[in-house]
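Novice: Got a structure for you, questions after.
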Amino acid sequence: MATPIIAPFPATRLRRLRRTENLRALTAEVHLTAADLIWPIFVTEVDGAEGEIPSMPGVQRLTLDGARRAAQQAAELGIPAVCIFPHTAAELRTEGCERAWDENNIANRAIRAVKETVPDLAVMTDIALDPYNANGHDGFVVNGEILNDETVEALVRMALVQAECGADILGPSDMMDGRIGALRSAMETAGHKDVAILSYAAKFASSFYGPFRDAVGAAGRLVGDKKTYQINPANREEAIRCVARDLAEGADMVMVKPGMPYLDICRAVRDQFGAPTFAYQVSGEYAMIEGAIRAGWLKRDVVVESLLSFRRAGCDGVLTYFAPQVAEWLHRAGRGGA
Ligand code: PBG
């Protein structure tokens, strides 16, 4: 950190550089561009389930055709990646989670559809069993316990199929121990050496995921909570150890999740490891901001301000449901950034 030298007033008038739009642009310390965004999209295989998610106003569950259109929109707006989340049919959720590694599950069909539509758009996946699990957990549940090692084996199977379907970035969001190493070595062995891993490394057991669970149809299903595998929101040191461990096992990029309540973790991860660092502005953050805007309590500018906070905290990029809205706004604003 440079030591700030401040001449006494009036030699220093910090307002000089805030006087005009151009001076402010010239002295901005960080910028936000469409290239910093990953757009999470929900794809449903259930007839009639497409359309707006009530707890995430403005966010849609898409059909496969909708996913193709979203891919085109992302490409036009300069958003480099989409992240696909499946909304699965109730009868296909089982305790054995077999649908997770079926090449025709909706997530895998969506990966292929997006890659066919816009081959260079980076496709990120979600790796966890919850969309396919009868009880809503990210891992197998036996007698109330979430099994670690058996789950990791299933996650590897799931990831191999995603890679076959054309995934560019694997997104393990399950928080089992040992999954990054297992995924990395399976990819190397199977000839997918260039498939990248963006690890949900510092994923906290958060109530901010509520609207997401509505979106993927897991809300009423989750038995208990995820506290035996996701990080206690009180723990910063543990989060840093999780990131260190995942990088040591071969993660290419790491994520902090949720975002705004955990900016201290973002900054610490960036400073300590210097690896590509992302934050996930999760569903509950989206719901709070969008809800307040729609109620007339906040102005829409708050969206860009919220995303700049991640850049200031050292993040290279952000997963955000605001991605298309913000990218469009940035294009209209004409600076290619904020
Ligand atoms: C599940 C998963 C969750 C999210 C992404 N993947 C929810 C959870 O852990 O229960 C949350 C995303 C969001 O809230 O926007 N593996």
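The values are calculated or read from the model by the stated rules, or taken from the named source; none is laboratory data. The structure presented is a predicted model; accordingly, all values stated were derived computationally and were not measured. Please note: Cβ atoms are built from the backbone with ideal geometry, for glycine as well, and neighbour counts cover all protein chains shown. For the accessible areas, the whole protein counts, side chains as well, though only heavy atoms, and no ligand, DNA or RNA atoms are used. Shrake-Rupley method; radii C 1.70, N 1.55, O 1.52, S 1.80 Å.
Novice: Name the residue that is farthest from the chain's Cα centre (by Cα), counting only residues in segment 216-231 that are aliphatic (A, V, I, L, M) and more than 8 Å from the ligand (Cβ to nearest atom).
Specialist: So the residue we want is VAL223.
Novice: Filter segment 64-101 down to the residues that are within 20 Å of the chain's Cα centre (by Cα) and of a type in the set (Ser, Thr, Tyr) and list them by number.
Specialist: Across segment 64-101, the qualifying residue is only THR88.
Novice: I'd like the full set of residues that are within 13 Å of the ligand (Cβ to nearest atom) and assigned to a helix (DSSP H, G or I), limited to segment 272-294.
Specialist: SER283, GLY284, GLU285, TYR286, ALA287, MET288, ILE289, GLU290
Novice: For segment 291-311: of the residues being among the charged types (D, E, K, R) and touching a helix residue (DSSP H, G or I) at 6+ places or on another chain (Cβ under 8 Å), which is nearest to ALA215 (Cα to Cα)? Steps first, answer last, please.
Specialist: Pass one, segment 291-311, residues among the charged types (D, E, K, R): 294, 299-301, 305, 311.
Remaining after also requiring touching a helix residue (DSSP H, G or I) at 6+ places or on another chain (Cβ under 8 Å): 299-300, 311.
Numbers: LYS299: 25, ARG300: 23, ARG311: 27 Å.
Across segment 291-311, the extreme among qualifying residues is ARG300.
For every residue, the table says whether it meets (1) in a loop (DSSP other than H, G, I, E, B); (2) surrounded by 21 or more Cβ atoms within 10 Å (Cβ to Cβ).
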{"residue": "ALA25", "(1), (2)": "no, no"}
{"residue": "HIS31", "(1), (2)": "yes, no"}
{"residue": "ILE41", "(1), (2)": "no, yes"}
{"residue": "ALA49", "(1), (2)": "yes, no"}
{"residue": "GLU52", "(1), (2)": "no, no"}
{"residue": "GLY58", "(1), (2)": "no, no"}
{"residue": "ARG61", "(1), (2)": "no, yes"}
{"residue": "ALA67", "(1), (2)": "no, yes"}
{"residue": "GLN72", "(1), (2)": "no, no"}
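Novice: Which residues, taken from segment 131-151, are outside any strand (DSSP E or B) and of a type in the set (S, T, N, Q)?
Specialist: Across segment 131-151, the qualifying residues are ASN135, ASN143, ASN148, THR151.
Novice: Quick one: what pairs do we get from segment 76-94, first residue under 14 Å from ARG109 (Cα atoms) and assigned to a loop (DSSP other than H, G, I, E, B), second open to solvent by less than 20 Å² (accessible area, probe 1.4 Å) and away from the ligand (no atom under 14 Å from the Cβ), C-beta under 9 Å, 6+ apart or different chains?
Specialist: Going by the 9 Å Cβ cut-off, the qualifying pairs are THR88/THR44; THR88/ASN105; THR88/ILE106.
Novice: State which residue is surrounded by the fewest Cβ atoms within 10 Å (Cβ to Cβ) when the search covers only segment 98-130 and only residues that are away from the ligand (no atom under 16 Å from the Cβ) and either part of a loop (DSSP other than H, G, I, E, B) or modelled with pLDDT under 95 (or both).
Specialist: ASP120
Novice: Being among the aliphatic types (A, V, I, L, M) and open to solvent by 50 Å² or more (accessible area, probe 1.4 Å), is that true of even one residue in segment 269-287?
Specialist: No: zero hits.
Novice: Starting from segment 157-168, keep only residues that are open to solvent by 20 Å² or more (accessible area, probe 1.4 Å), then list their pairs with residues that are at pLDDT 95 or above and aromatic (Phe, Trp, Tyr) whose Cβ atoms are within a distance under 8 Å, requiring at least 6 positions of separation or different chains.
Specialist: ARG157/TRP101; LEU160/TRP101; VAL161/TRP101
Novice: If SER199 satisfies all but one of (1) more than 16 Å from the ligand (Cβ to nearest atom); (2) open to solvent by less than 20 Å² (accessible area, probe 1.4 Å), what's the number of the condition it fails?
Specialist: Only one criterion in (1) more than 16 Å from the ligand (Cβ to nearest atom); (2) open to solvent by less than 20 Å² (accessible area, probe 1.4 Å) is unmet by SER199, namely (1).
Novice: In segment 168-194, which residues are in contact with a strand residue (DSSP E or B) (Cβ under 7 Å, 6 or more places away or on another chain), part of a loop (DSSP other than H, G, I, E, B) and away from the ligand (no atom under 15 Å from the Cβ)? Explain how you work it out, then say what you get.
Specialist: Within segment 168-194, the subset in contact with a strand residue (DSSP E or B) (Cβ under 7 Å, 6 or more places away or on another chain) is 168-175, 179-180, 183-184.
After this cut, where a residue has to be part of a loop (DSSP other than H, G, I, E, B) as well, the list is 168, 171, 173-175.
Of everything in segment 168-194, just one residue is in contact with a strand residue (DSSP E or B) (Cβ under 7 Å, 6 or more places away or on another chain), part of a loop (DSSP other than H, G, I, E, B) and away from the ligand (no atom under 15 Å from the Cβ), namely ASP168.
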